[in-house]
Amino acid sequence: MPLDKWRQSQGAAGEITTNQVRKGGRDQVNLQATFPGQQETRRPAVIWRRLHPRHGLRHAQAVCQALRSRAGECQACRSACPVEAIQPGSVTLELGDQCLGCGRCVPACPMGALALPVLPEQPVTGRDALEIDCRRVPSQRQGGQTNRIPCLGALAVADLLELFTRADGRPLRLLDRGWCAACPAGGAGAHPAQAALDTARQWLTRMGVPAARQPQLVNAPLNQSRALPATAEVLGEVVLSRRGFFREIARTAQDKSQPPPRQAPAAQVAAQASLARERQLAAIERVAGMTGQVPPATAWPRLAVRADRCGNHQGCVRICPTGALRAYRTAHASGVRFNAAACIACDRCVEHCPRQALHWTAENRADEPGTIPTLTSHSRRECAGCGAEFSPLPDDTSGAYCQPCQRSRRLAADAFTQLFGARE
């Protein structure tokens, strides 16, 4: 499918607009989505606050899933931290003194609620390639032609796609010095950047980028005796431009002058768009614009429903942290619409559905031009008992009474049987 036709298909399913700004040392894209028959919803301004005076890690409380909804029990940042320095508190995240400043918690957050100045505002591009190296490598070993970051594991998929667009056709190389297994910020197992790199390469392949031009993890061993210590002072080094220096002063002043607001109870907090998802979509769109190819279908999760199980409880709508699931009503029906662009595939809707009606599928709605993203549709009726509006369950044989009235009628029938015996 040509790129322009794909964009038309997205407009038929709903309108998505983006506005790119710079926040917390990263490109943040404000995404607004509308469905047919649904008014546009706008997101309030996101405020970033420093979590610790010694570290550059910042937190956007308004979009933090761990704080906004206890039902989510999000532990992504805590699980990603190699030294267990980050913990969800009662008001904000708490960052311990043992933090290394490696930034591995940042790409792990599905909401993009954490930010760390990882890459310089203008990455250095050498004659042959754009190279990314660890800050534990002494700068004199790199000759000023390499971009040093706290940890290669701090790169998200969106970072890799953005770097690809900035490489100006040169190869993008992540330098593996062979130190990760023994590094406190690395650990045993796969390379910290491998998972993000695999996803980025998969998406680039589907957008027609040859393997030779895709980001590569390059084996560039260096004697570990040359490594700088894995401390916050080394990994947390921040290189700022003159403009960035003054912006940093202003941010620090704001951090000190404004205490974090107390979070509202989970039931009162509306869904919030994922900053990480927005950056990801914006990066995909830029790559697609460069290649003229359709964005990869796998970047848009596809949620499906088992029609014989769905009872239109719409609990999935209430528990969705990003608003990817939205309730709708028409004159004769009600149900749920699904915005795959806002979905972070957190699995909460699937896990909490009382009738196990939701599941993921390999098919993708983004490849279906003109499809309106309606996930479920149920007829609306008036209960013969209480007069309330309801949608019959798929296995409902009566169809005339809502579920509460059916339970009341069954209880009344059971009580009558116990008192007077079964009717002849």
So how far apart, in nm, are the two label points at Ala307 and Ala212 if each is 7 Å from Cα heading toward Cβ? 5.1 nm
Which order, highest average first, do 313-325, 175-187 follow once you tally other Cβ atoms within 10 Å for each residue and take the mean per peptide? 313-325, 175-187
Starting from the Cα-Cα distance between Gln87 and Arg355, subtract it from 0.36 nm times their residue separation and give me the gain in nm to one decimal. 93.2 nm
What is the calculated FRET efficiency for Thr417 to Ala362, with r their C-beta to C-beta distance and R₀ = 60 Å, to the nearest 0.05? 0.75
Please work out how much length the chain gains when fully extended from Asp198 to Ile47, using 0.36 nm per residue of separation minus the C-alpha to C-alpha distance, in nm with one decimal. 51.2 nm
Using eta = 0.692 mPa s and T = 37 °C, Stokes-Einstein with Kirkwood Rh from Cα pairs puts D for segment 50-103, in µm² s⁻¹, at 286 µm²/s
Based on the Cβ-Cβ distance of Glu233 and Thr291, what FRET efficiency does E = 1/(1 + (r/R0)^6) give at R0 = 51 Å, to the nearest 0.05? 0.80
Mean Cβ neighbour count within 10 Å, used as a protection proxy, ranking 407-419, 150-162 highest first: 150-162, 407-419
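Each value in this text was obtained by applying a stated rule to the coordinates, not by laboratory testing. Note that the structure is predicted; figures quoted are calculated from it, not measured. Because the Cβ atoms are built from the backbone with ideal geometry, glycine has one as well, and the counts that use them run over all protein chains shown.
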